[in-house]
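The values are calculated or read from the model by the stated rules, or taken from the named source; none is laboratory data. Note that the structure is predicted; figures quoted are calculated from it, not measured. Please note: Cβ atoms are built from the backbone with ideal geometry, for glycine as well, and neighbour counts cover all protein chains shown.
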Number of protein chains: 2
Amino acid sequence: MTLTIENAVLEGYADLISIRIRDGRIEAIGPGLEGPEHAPRLDAAGMTVIPGLVNAHTHAAMTLLRGAGDDLPLMTWLNERIWPAEARLSEEDVYWGTRLACVEMIRSGTVAFQDGYWHVHGMARAVRESGLRVALGLAMVDAQGGEQGDACKKAAREFMAQRDPHEDRIQPILFPHAIYSVSPENLRWCARFADDHGLNVHIHLSETPWEVNDCLNRHGMRPAFYLDTLGLLHQRSILAHGVFLDDDELDLIALRGATLVTNPTSNLKLAVGGIFPHERAAARGIPVGLGSDGAASNNSLDLFAEMKTFALIQKHARGDPTAMPAPLALDIAMGRKAPILGQTGIIAPGHPADLLLIRTHECGMVPPLNLASNLVYAATGAVVDTTIVAGRVLMHHRFVEGEGEIRREVTARALALTRLHPS
Amino acid sequence: MTLTIENAVLEGYADLISIRIRDGRIEAIGPGLEGPEHAPRLDAAGMTVIPGLVNAHTHAAMTLLRGAGDDLPLMTWLNERIWPAEARLSEEDVYWGTRLACVEMIRSGTVAFQDGYWHVHGMARAVRESGLRVALGLAMVDAQGGEQGDACKKAAREFMAQRDPHEDRIQPILFPHAIYSVSPENLRWCARFADDHGLNVHIHLSETPWEVNDCLNRHGMRPAFYLDTLGLLHQRSILAHGVFLDDDELDLIALRGATLVTNPTSNLKLAVGGIFPHERAAARGIPVGLGSDGAASNNSLDLFAEMKTFALIQKHARGDPTAMPAPLALDIAMGRKAPILGQTGIIAPGHPADLLLIRTHECGMVPPLNLASNLVYAATGAVVDTTIVAGRVLMHHRFVEGEGEIRREVTARALALTRLHPS
């Protein structure tokens, strides 16, 4: 299967170029390149090609609960809005919610994401049909007791037993929710299960001061150290949030080779009280990714908006307008600074054809003085004209197949789910 | 001239409604309303009508310098990028830069704005042709000496002498730049000129700690008190930024009846080191508006994005997720909390027909659980389908007349202006 993109602008080339794609990967790049005769071609005239973005932390199906409870204290939001609705979620709900999230990500230039949620089969089916890449989190939480944990273990074992090892766009990972919502026994089970299957482990860590204090009270140490005692801090560990990590914890995380994922909008919206310590993490060489978190706590999955918020809040927190410059924010949003998420963000022969065509002529992108600056500070996901993943065109001229049906299904299901708890 | 909007959703009505517009104002609202036979009608099926947004502080023509210098310290940015380019700006440049800003604002749902910049005739011509409303700032700055101040006074006098008093979409205001860039003599001249002509006065105030310290050193008092000694603090005063106002200054501002305008993205991007004290301002009943600042320091004019950043940073600064809830952010962005900017944000008979049709079916706006939350936290300006100002349709189905030519002109002029100082 081949596709040739023609007449595109690509940074580093003076002339318009073509990109020839074969079997999901870039085969050749250059001006005047010809594709095979009669093979599909895509005219990118007036557009700039850039690598797709990587949403390193989300809960895709939570599009179902977008707007179901905003401007509330965290525990009110969870107890009164999110958890009652989640308790009623079916696998079919999760399928449709994830489908909507995939459409939203495709429309805003995300080509791959890391997800953790319930009903993993529904999630996998939705992503498979969407054409995106995902690191799919097999959830573990046992806050409601041992049976809940056992059900999570059963689902994880089943998914691993039944999965098609050739399905390379869907990578299973283990997703224990957090150190306060999973027992030490089940966290140790996660460590062993992940080791046995060579899985990455994704966990929320150090999101709120409450979590840090609770860990100190219960375990006599801070969250990263506690995680380490459980065998969950290593090169396959992905730690979401990490807002309140102190220097000793960052030293340990760097030593173990784990990855951090920041979710600036979610942290600000929930007013957790701190800002992700990017400068201190980067100084230690810790890999960093960028995530939107779920649509119930953002409430958008647009990583262009997330890049801007990330850059703004880093500048603010450090009192330095030169902090988190646009090219660095772009690198992070493209996953270039977090190789555990896959070698993304590179347009070169041999690399996956995960590409965006950007409408650099949109009025918010004019004048074209600085592409990185325009992408981070001026753009939203609406500047993406075409989204290509593994050589397959998932959106062209902002049209995504099946979008209307997905929007109608999610609307109907969300209204039913939240009927008892209208906001 | 009449226009009837049909089949729209409007909050407060169970059925689809029509809005009949005559001579720029709303004449009637209701289900099953008929427009005059053969008069223009606009089908809003599937869309929700909301009031247009008001950008209370910008420098529209600075779209010419979008991306010309980002991630730089303030003085490097001004000295090396902005001021050298601004020194070369012609009235024709300002005309085209303002045209582009108007297109960008129309596309993102802004119906009126307050502007301060050079070449006021170019600004006025651009806004007149765009169809938007503007409070047009007659600039005053004399940092380069008395001749500069004299030229500003001459331009202000000329504009007032030549203006058409029947042109109700363009309201002149006086725009002394700041207390550190205009001499006390010329600030007093501004106070008198504004009094003589009944003009509002718009000024940057308390944007940085440097400005506060400079004022204390030079005048022995904080900025709001200094402004008061010059006769510039009253019910026609509009103070942009106001980040570092202390309680005594806020008391004085409340007593004098002046208005504050916050520009959260600009403040964060320049890392000024503080957050607008909305809670303390609101507690005193001070009117508050929301602005994008210029495209060189944001770098977007999308007030939907600005609302979200405003809500997020207020929650963060106050450590309270219930702070700046979505409906309040919307009220402020619609100008409902700053009546000096005009009685905006009301859809009712007799009020100006400044309306937006929102694509509530866009995938980022689904599910429709909470309109205010979706508008503030999930939307960008791209959800605006149709923008109507004074009953005139400025954008329909995202098409704005003349946009292509404007983008090409601005691109050519911006490249010429910044050629000596490429970023």
For segment B:336-345, name all the residues that are at pLDDT 95 or above and either closer than 17 Å to B:Arg392 by Cα or not aliphatic (A, V, I, L, M) (or both).
B:Arg336, B:Lys337, B:Gly345
Every listed condition ((1) under 16 Å from A:Val389 (Cβ atoms); (2) assigned by TED's automatic domain parsing to the domain that holds A:Leu357) holds for A:Ala60 save (2)
Candidate set: segment A:362-381, residues that are free of Cβ contacts under 8 Å to residues at least 40 places away in the same chain and part of a loop (DSSP other than H, G, I, E, B); chosen: the one nearest to A:Thr110 (Cα to Cα):
A:Glu362
Residues that are at pLDDT 95 or above, crowded, with 24+ Cβ neighbours inside 10 Å and among the charged types (D, E, K, R): does segment B:84-94 have at least one?
no
Scope segment B:288-297; condition crowded, with 24+ Cβ neighbours inside 10 Å and under 18 Å from B:Leu205 (Cα atoms); matching residues
B:Gly289, B:Leu290, B:Gly291, B:Ser292, B:Asp293, B:Gly294, B:Ser297
Segment A:26-43, residues that are loosely packed, with under 15 Cβ neighbours inside 10 Å and not aliphatic (A, V, I, L, M)
A:Gly30, A:Pro31, A:Gly32, A:Glu34, A:Pro36, A:Glu37, A:His38, A:Pro40, A:Asp43
Suppose we filter segment A:388-403 for residues that are away from chain B (no Cβ under 12 Å), in contact with a strand residue (DSSP E or B) (Cβ under 8 Å, 6 or more places away or on another chain) and not in a strand (DSSP E or B); how many remain?
3
(1) free of Cβ contacts under 8 Å to residues at least 40 places away in the same chain; (2) more than 8 Å from chain B (Cβ to nearest Cβ) all hold for A:Asp385 apart from (1)
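Does A:Ser237 satisfy the condition of being of a type in the set (Gly, Ala, Ser) and touching a helix residue (DSSP H, G or I) at 6+ places or on another chain (Cβ under 8 Å)? So that I can check it myself, show each step before the final result.
On the way: of a type in the set (Gly, Ala, Ser): yes; touching a helix residue (DSSP H, G or I) at 6+ places or on another chain (Cβ under 8 Å): yes.
Here the answer is yes, as A:Ser237 does meet what is asked.
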Residues in segment A:234-241: is at least one within 13 Å of chain B (Cβ to nearest Cβ), crowded, with 18+ Cβ neighbours inside 10 Å and not in a helix (DSSP H, G or I)?
no
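With the structure loaded, tell me whether A:Leu100 is assigned by TED's automatic domain parsing to the domain that holds A:Val201, surrounded by 24 or more Cβ atoms within 10 Å (Cβ to Cβ) and of a type in the set (A, V, I, L, M, F, W, C) or whether it fails that test. Spell out how you get there, then give the answer.
Working: assigned by TED's automatic domain parsing to the domain that holds A:Val201: yes; surrounded by 24 or more Cβ atoms within 10 Å (Cβ to Cβ): yes; of a type in the set (A, V, I, L, M, F, W, C): yes.
Criteria met by A:Leu100.
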Filter result for the condition that a residue is at pLDDT 95 or above and not β-branched (Val, Ile, Thr), over B:Arg66, B:Arg81:
B:Arg66
Meets criteria (in contact (Cβ under 8 Å) with a residue 12 or more places away in the chain and closer than 16 Å to B:Ala311 by Cα) for B:Leu268:
yes
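Here are some residues: B:Thr322, B:Thr309. Which one is buried (at least 24 other Cβ atoms within 10 Å of the Cβ) and within 28 Å of A:Thr208 (Cβ to Cβ)?
On the way: B:Thr322 fails: buried (at least 24 other Cβ atoms within 10 Å of the Cβ).
Only one candidate qualifies: B:Thr309.
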